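Structure, as structure tokens:
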Amino acid sequence: DQQVKQNSPSLSVQEGRISILNCDYTNSMFDYFLWYKKYPAEGPTFLISISSIKDKNEDGRFTVFLNKSAKHLSLHIVPSQPGDSAVYFCAASGHTGANSKLTFGKGITLSVRP
Amino acid sequence: KAGVTQTPRYLIKTRGQQVTLSCSPISGHRSVSWYQQTPGQGLQFLFEYFSETQRNKGNFPGRFSGRQFSNSRSEMNVSTLELGDSALYLCASSLGGGNNQPQHFGDGTRLSIL
């Protein structure tokens, strides 16, 4: 049972344009959501997070939007740069018990074309 | 500030052997989590330790075990290795006081089973 889904395995965008990475979840107990970026041969790097009490969080070129009613979140990267090319993982957790662990999606490979 | 350190970076073992992987968390972090990453499967949660106690556990067989020491360093052990255990094993640390805290990852140990 995949509780965090990243349905598109890959995305290709032109440098300078917006990248929109989507993520859906099924567990209504999740209340904290994160995005990680991963380069080959390195561990995931934390990018940005959002709590369920918010619907938007912004950090520089990165903005995460949360739609709780749709159980959907997205990561916007504006403007996209070639160095953003990596695998992006969406993750979620809740407060208690088994839900308190981080559950990851399978990742989406972003390619930014110069 | 030093990041999460995992040793060794690469390991080759044969079926039936056992292996121990090590993780040193960021200074001050009390929670350590372990994940297995295989192609196409994203990050699968193994277990989390906090203050030397296992706080959460994923759906892996008993061959996978771990422990945490008083200095928060953690080890993961896999016994009776199988070919399917070939994967990247990632360790992540966080302050651990509750959720809404991002986990920070090491670069992983690449385990290959022959």
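Can we say A:Val78 is more than 30 Å from B:Gln54 (Cα to Cα) and within 13 Å of chain B (Cβ to nearest Cβ)? Reasoning before the result, please.
Working: more than 30 Å from B:Gln54 (Cα to Cα): yes; within 13 Å of chain B (Cβ to nearest Cβ): no.
Spelling it out, it is not the case that A:Val78 is more than 30 Å from B:Gln54 (Cα to Cα) and within 13 Å of chain B (Cβ to nearest Cβ).
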What about B:Gln36, is it crowded, with 18+ Cβ neighbours inside 10 Å and part of a strand (DSSP E or B)? yes
If I go through the range A:3-19 residue by residue, how many of them are hydroxyl-bearing (Ser, Thr, Tyr) and surrounded by 16 or more Cβ atoms within 10 Å (Cβ to Cβ)? 1
Restricting to the range B:1-48, count the residues that are within 13 Å of chain A (Cβ to nearest Cβ) and basic (Lys, Arg). 1
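If a residue must be under 30 Å from B:Pro8 (Cβ atoms), assigned to a strand (DSSP E or B) and among the aliphatic types (A, V, I, L, M), how many such residues does the range A:5-53 contain? Please lay out each step first, then the result.
Step one: list which residues in the range A:5-53 are under 30 Å from B:Pro8 (Cβ atoms), which gives A:34-47.
Still in the running and assigned to a strand (DSSP E or B): A:34-38, A:45-47.
Narrowing further to those that are among the aliphatic types (A, V, I, L, M): A:34, A:47.
Looking only at that region, the number is 2.
A quick yes/no check of all residues on (1) at positive phi; (2) within 14 Å of chain A (Cβ to nearest Cβ); (3) assigned to a strand (DSSP E or B):
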{"residue": "B:Arg55", "(1), (2), (3)": "no, yes, yes"}
{"residue": "B:Asn59", "(1), (2), (3)": "no, yes, no"}
{"residue": "B:Gly66", "(1), (2), (3)": "no, yes, yes"}
{"residue": "B:Ser72", "(1), (2), (3)": "yes, no, no"}
{"residue": "B:Glu75", "(1), (2), (3)": "no, no, yes"}
{"residue": "B:Leu88", "(1), (2), (3)": "no, yes, yes"}
{"residue": "B:Gln101", "(1), (2), (3)": "no, yes, no"}
{"residue": "B:Asp107", "(1), (2), (3)": "no, yes, no"}
{"residue": "B:Leu111", "(1), (2), (3)": "no, no, yes"}
Any chance B:Gly84 is within 14 Å of chain A (Cβ to nearest Cβ) and not in a strand (DSSP E or B): no
Selected residue (only one of A:Tyr36, A:Tyr25 is surrounded by 17 or more Cβ atoms within 10 Å (Cβ to Cβ) and closer than 26 Å to B:Gly108 by Cα): A:Tyr36
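All of the numbers you see were taken from the coordinates with simple rules; none came from a lab. Please read all numbers here as calculations on a predicted model, not as lab measurements. Ideal geometry is used to build each Cβ from the backbone, glycine not excepted, and the neighbour counts take in all protein chains shown.
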